[in-house]
Each structure stands twice: as structure tokens, then as C-alpha cells.
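Since the structure comes first, as C-alpha cells, the remarks are kept for the end.
The values are calculated or read from the model by the stated rules, or taken from the named source; none is laboratory data. Note that the structure is predicted; figures quoted are calculated from it, not measured. Using ideal geometry, Cβ is built from the backbone for each residue, glycine included, and neighbour counts are taken over all protein chains shown.
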Amino acid sequence: MTIEPKTSWFGRIKAGLSRSSSRLAQGIGDLFTKRKLDDEALEELEELLIAADLGVATARKVTERLAKSRFDQEISPEEIKEALAEEIAAILEPVARPLTPDPARKPHVVLMVGVNGSGKTTTIGKLAKYYKGRGLKVTMAAGDTFRAAAVEQLKVWGDRTNCPVVARAQGADAAGLAFDALTESAARGDDLLLIDTAGRLQNKADLMAELQKMVRVLKKQDPSAPHDVLLVLDSTVGQNAHAQVEIFKDLTQVSGLVMTKLDGTARGGVVVALAEKFGLPVHAIGVGEGADDLQPFDARTFARSLVGLAD
């Protein structure tokens with residue numbers, strides 16, 4: 001995979017977040033055209049930020065910071081956006097951590113979790129392409145054995161990325177597949193093993209039992225596995241993403257997040273709210289259907305794109 005210039009990725013993020021940023025930018029423009037930053041303006045700004053899914057805590061932080069420095073002064077929409085971008089970047093910096101496979105582990109095992117429809121299987125394929133493009137040996141395992149479509153989808157990504165895919169018949173035991181995948185991946189000397197899982201929430205007890213069994217069998221071979229459990233979240237669900245984080249934290253030890261479909265929503269601010277509330281690493285974000293539209297998460301680029309500022 002060719003590493004594209006950062007400006008190109010910035011352009012894609014900005015385009016992807018255009019629904020979120022246009023709503024925020026218009027709201028800020030409407031609020032702060034020739035207006036002083038008084039109590040009423042601060043309250044309206046806080047409401048606007050909450051409506052943009054940034055979360056109550058973030059909205060309060062931003063308005064309190066502005067009140068300290070600019071209260072009762074005339075302030076332009078651009079100044080508001082700059083201050084907002086700085087505050088958002090400060091919240092996101094601690095969680096913006098790319099997933100870095102440990103070279104001491106052969107392979108570094110990543111369990112991918114999330115509800116059906118979140119883009120989990122596609123994300124695995126894109127991650128495989130990303131790391132294969134950086135010279136790593138990657139295997140994918142089709143652990144969502146319940147859905148034939150998920151298995152077939154992963155096989156397509158295997159062909160596309162020239163990465164091995166471990167798959168079994170529909171309905172096969174997911175834990176057994178995970179065990180076989182780790183055996184094969186270790187024998188090949190892989191750097192990274194990405195394991196898909198089911199995302200059926202209709203019966204949480206069954207899903208929990210399945211995930212816990214997968215973890216147990218992986219630990220039989222490597223007591224430290226899985227080394228990461230990544231939760232894939234569909235950004236279009238907005239505040240419902242909070243509930244999904246809570247659910248999967250109960251089901252398994254979630255170590256980080258991947259946010260998908262940011263180009264299909266005006267709710268991009270939810271990334272900020274999740275960072276504020278849970279403090280989990282955000283490893284990557286997706287802003288399109290293309291294989292290269294999932295990239296490591298950069299706090300400043302995201303913050304400036306979200307409020308509609310140039311890089």
C-alpha cells in the first residue's frame with residue numbers, strides 16, 4: 001500500500017466529516033455573527049455542541065474555557081472554531097493511538113468485536129491491507145461462523161490483500177476455528193492475526209459465552225492472547241455508541257475502538273464524547289468505502305475537520 005501524503009488524507013477526512021462540520025459551522029456562524037460572548041450566547045453554544053453529539057462534558061469544557069478568556073467580548077465564528085478545535089484535539093490526543101503490533105509476538109492476536117452491521121468484517125479486511133502494505137505478515141480468521149456472508153466477505157478480502165483466511169463451514173464452532181487460526185498463523189510466523197467474531201446481541205448470554213470460550217482456547221496456546229480486543233462502532237448510531245461500548249465492555253475486555261462510517265453521518269462528534277467518557281484508545285477511523293479509507297486516528301486532523309477548518 002502506498003502511503004499517501006497527509007494532505008490527501010486530511011482532504012478525505014474533511015470530505016468525510018462534511019455533514020458533521022457543516023452543521024456545526026452553520027450553527028456557530030448563526031450564533032456568532034457580530035455578537036458578544038455573553039451568558040445567553042454561551043448557553044446556546046453549549047446546546048449546539050451537545051446537539052452535535054460532542055457530549056455534555058466536552059460542551060461544558062469548551063464553553064467554560066471561552067468564558068474565561070473572551071467573556072463579554074465580540075468574537076468571530078472563526079475564533080470559536082479555532083478554540084473548539086484546540087479543545088477537541090486536547091481531549092482526543094490521549095486516546096489517538098495507532099494499533100502497533102508487538103514484534104515480539106508471532107502473531108500479535110487481535111479479536112474484533114461489534115454488533116452486526118457495524119462494518120466489522122470490512123474493517124478487518126482494511127486493517128489487513130494496511131498492515132500488509134507495511135510489510136507485515138497478516139492472517140484473517142472468519143470467526144463469525146453464524147453468517148455465511150461474513151465468511152465469504154472475508155475470503156474476498158483475503159484474495160484482495162493476498163492474506164491467508166482461516167474459515168470453516170457455516171455453523172462451525174467459533175472457538176475451534178480461533179484455535180486452528182492461531183496454530184496456523186504461529187506456524188507461518190505471522191506478525192498479525194485478525195479474528196472476526198459474531199455480533200448478535202439478541203441473546204447476550206450466548207454471545208458472551210462464545211466470546212469467552214474463544215478467549216479461553218486462545219490462551220491455551222498463548223496465555224497472553226488475545227493481545228487486543230477492538231470494538232468496531234458504526235458512527236451513524238450516534239449516542240447509541242455509548243450503550244454498545246458498555247455492552248461489549250461487559251462481554252469482553254475491550255482494549256480499543258475503531259470508528260467506521262464517519263462519512264455517512266452528521267454525528268461525527270460522538271468520537272469526542274466517547275473519548276471523554278471512556279478514555280479507550282481510538283486506533284483508526286473510516287471515512288469511506290475504499291480500501292484505503294480506514295487509517296490511524298490523528299487527533300488534530302480530526303478536530304480541525306470536525307469544525308470545518310483548513311489544515
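Checked against (1) over 23 Å from Ala291 (Cβ atoms); (2) in contact (Cβ under 8 Å) with a residue 24 or more places away in the chain; (3) among the aliphatic types (A, V, I, L, M); (4) out of contact with any Lys or Arg (no Cβ under 9 Å at 6 or more places or on another chain), Ala59 meets all criteria but (2).
Quick check on Gln253: is it in a strand (DSSP E or B), at pLDDT below 95 and not hydrophobic (A, V, I, L, M, F, W, C)? Judged against the criteria, Gln253 is not a match. When Gly176 is tested against the conditions (1) surrounded by fewer than 24 Cβ atoms within 10 Å (Cβ to Cβ); (2) on the phi > 0 side of the Ramachandran plot, the lone failure is (2). The set of residues from the range 161-172 being crowded, with 20+ Cβ neighbours inside 10 Å and not in a helix (DSSP H, G or I) comprises Cys163, Val165, Val166, Ala167. Out of Ala150, Ala209, Ala174, Ala181, one residue alone is farther than 17 Å from Asp228 by Cα, of a type in the set (Gly, Ala, Ser) and out of contact with any Asp or Glu (no Cβ under 7 Å at 6 or more places or on another chain). It is Ala209.
For the range 45-58, taking the residues that are surrounded by 16 or more Cβ atoms within 10 Å (Cβ to Cβ) and under 14 Å from Leu31 (Cβ atoms), the one that is modelled with the lowest pLDDT is identified as Ala52.
Which residues, counting only those in the range 83-105, are farther than 23 Å from Leu257 by Cβ, modelled with pLDDT of 90 or more and either in contact with a helix residue (DSSP H, G or I) (Cβ under 9 Å, 6 or more places away or on another chain) or of a type in the set (Gly, Ala, Ser) (or both)? Selection gives Ala104 alone. For first residues located in the range 293-311 and over 17 Å from Ile80 (Cα atoms), partners that are of a type in the set (S, T, N, Q) and lie 6+ apart or on another chain with Cβ distances below 7 Å form the pairs Leu294/Thr123.
Within the range 63-112, being in contact with a His (Cβ under 7 Å, 6 or more places away or on another chain) and either over 24 Å from Asp298 (Cα atoms) or without any contact (Cβ under 8 Å) to a residue 40 or more places away in the chain (or both) holds for one residue alone: Arg105.
Of the helices (runs of 4 or more DSSP H) lying entirely inside the range 32-120, those carrying at least 3 residues that are basic (Lys, Arg) are 56-70. Considering only residues in the range 121-145 that are of a type in the set (Ser, Thr, Tyr) and part of a helix (DSSP H, G or I), the one that is nearest to the chain's Cα centre (by Cα) turns out to be Thr123. Suppose we filter the range 162-209 for residues that are free of Cβ contacts under 8 Å to residues at least 40 places away in the same chain and either β-branched (Val, Ile, Thr) or within 26 Å of Asp102 (Cβ to Cβ) (or both); how many remain? Number of matching residues: 10. Is it true that Gly158 is assigned to a loop (DSSP other than H, G, I, E, B), at negative phi and either touching a His at 6+ places or on another chain (Cβ under 8 Å) or at pLDDT 95 or above (or both)? No, not satisfied. Can you find a residue in the range 269-286 that is buried (at least 20 other Cβ atoms within 10 Å of the Cβ), among the basic types (Lys, Arg) and touching a helix residue (DSSP H, G or I) at 6+ places or on another chain (Cβ under 7 Å)? Within the range 269-286, not a single residue is buried (at least 20 other Cβ atoms within 10 Å of the Cβ), among the basic types (Lys, Arg) and touching a helix residue (DSSP H, G or I) at 6+ places or on another chain (Cβ under 7 Å). Give me the pairs, please: first residue somewhere in the range 243-258 and over 26 Å from Gly288 (Cβ atoms), second residue anywhere and assigned to a loop (DSSP other than H, G, I, E, B), beta-carbon distance under 8 Å, and either six or more positions apart or on two chains. If the second residue must be assigned to a loop (DSSP other than H, G, I, E, B), the pairs left are Ile247/Leu201.
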